Ligand code: BMA
């Protein structure tokens, strides 16, 4: 009898464990969103997806030319993950803070979905207490003021409704909502944004994160989002979790990390530090059954010829990371992916060919929005 009871309890735990691992925090997540979440967990065992911010919108020397991508022009394939930013959507601006028209952004997101890739959104939103101020115009206690000031709160809700409308307008060929990763209030353990560490207590930050999720999901019925929590670089698990809103609010955990070498630094220092962060992230991800990723980063202008295979690869390989996303190719002095002729382009090709680094075609073959293939079938397919 005791053995039977124990067996039942064990089964229940196992079942709950599987459920916790396989389902997004939104119980009403659309079918494609649920499929995506489960497929991403499976895919993370195969390799790390490569991502690039604004990849289809512009690159070095071009803007809004259909089909173009700096990454594709170097390796003959698109990235697997595409980052976009919603900053200024809240202001009803027709284009985002980096001049990408939202109508075009929607088309790019549709293109990515159709070709089997993944879209992720950040949001450099203005300050809802003082809307003329940008994300970076921080002032103390903004979050506290937001919750105390009815007018500011009405404004923030209005902004969230604009986000909700945009997210719902992302539709696939059958009218289905396109699942995306939404990564609000990022890099919050730094103090450069108004939601950052120096301007809010951990509880205030959590309150805003939870409010944001709840409003979109439960009030506005947006059900095509997976939510990501991503501080900037961090030095302990405690620091990583200090402002974590809780497992029931987050689908993906990650961090942003830029390589900013100082004269005299050895590459090894960055690799070691970053790898330590990846290892801590992996532990937290495994403990909490969350997908984990390097949500943003890179080396500006990539002046190191072998940066991809000698710096980035040792940071990400055999890590279980879902993806790594490098920032935008914004200007000749501000880019993070190579383009033809760029110093690191040859090395980027070698990086592309690493079996555990996944680009567009490999991920397209995985049908990440389709019902997950049962484990046995997948294993049989692998054997063939
Ligand atoms: C920063 C820079 C800025 C940009 C901002 C938001 O890292 O790329 O030029 O406006 O991100 O995308």
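Worth a mention:
- Restricting the range 332-384 to residues that are modelled with pLDDT under 95 and surrounded by 11 or more Cβ atoms within 10 Å (Cβ to Cβ), the residue that is farthest from the chain's Cα centre (by Cα): 380
- Test: residue 316 is within 16 Å of the ligand (Cβ to nearest atom) and surrounded by 19 or more Cβ atoms within 10 Å (Cβ to Cβ): no
- Flag for residue 248 being part of a helix (DSSP H, G or I), without any contact (Cβ under 8 Å) to a residue 12 or more places away in the chain and more than 18 Å from residue 319 (Cβ to Cβ): no
- Members of the range 192-207 that are more than 17 Å from residue 230 (Cβ to Cβ) and without any contact (Cβ under 8 Å) to a residue 60 or more places away in the chain: 201, 203
- Residue list for the range 251-292, restricted to those being at pLDDT below 95 and part of a helix (DSSP H, G or I): 267, 268, 269
- Residue match in the range 216-227 (condition: under 19 Å from the mean Cα position of the chain (by Cα), farther than 21 Å from residue 138 by Cα and exposed (fewer than 15 other Cβ atoms within 10 Å of the Cβ)): no
- Verdict on residue 50 being buried (at least 21 other Cβ atoms within 10 Å of the Cβ), on the phi < 0 side of the Ramachandran plot, within 16 Å of the ligand (Cβ to nearest atom) and within 14 Å of the chain's Cα centre (by Cα): no
- Wholly enclosed helices (runs of 4 or more DSSP H) of the range 54-152 bearing at least 3 residues surrounded by fewer than 19 Cβ atoms within 10 Å (Cβ to Cβ) and either within 16 Å of the ligand (Cβ to nearest atom) or at pLDDT 95 or above (or both): 102-114, 142-148
- Of all residue pairs spaced 6 or more apart or on separate chains, those with beta-carbon atoms under 7 Å, a first member in the range 330-341 that is under 11 Å from residue 61 (Cα atoms) and in a loop (DSSP other than H, G, I, E, B) and a second member that is modelled with pLDDT of 95 or more and within 13 Å of the ligand (Cβ to nearest atom) are 330/98; 339/329.
The values are calculated or read from the model by the stated rules, or taken from the named source; none is laboratory data. Owing to the predicted nature of the structure, the values given are computational and were not obtained by experimental measurement. For neighbour counting, all protein chains shown are included, and Cβ atoms are generated from backbone atoms with ideal geometry for every residue, glycine included.
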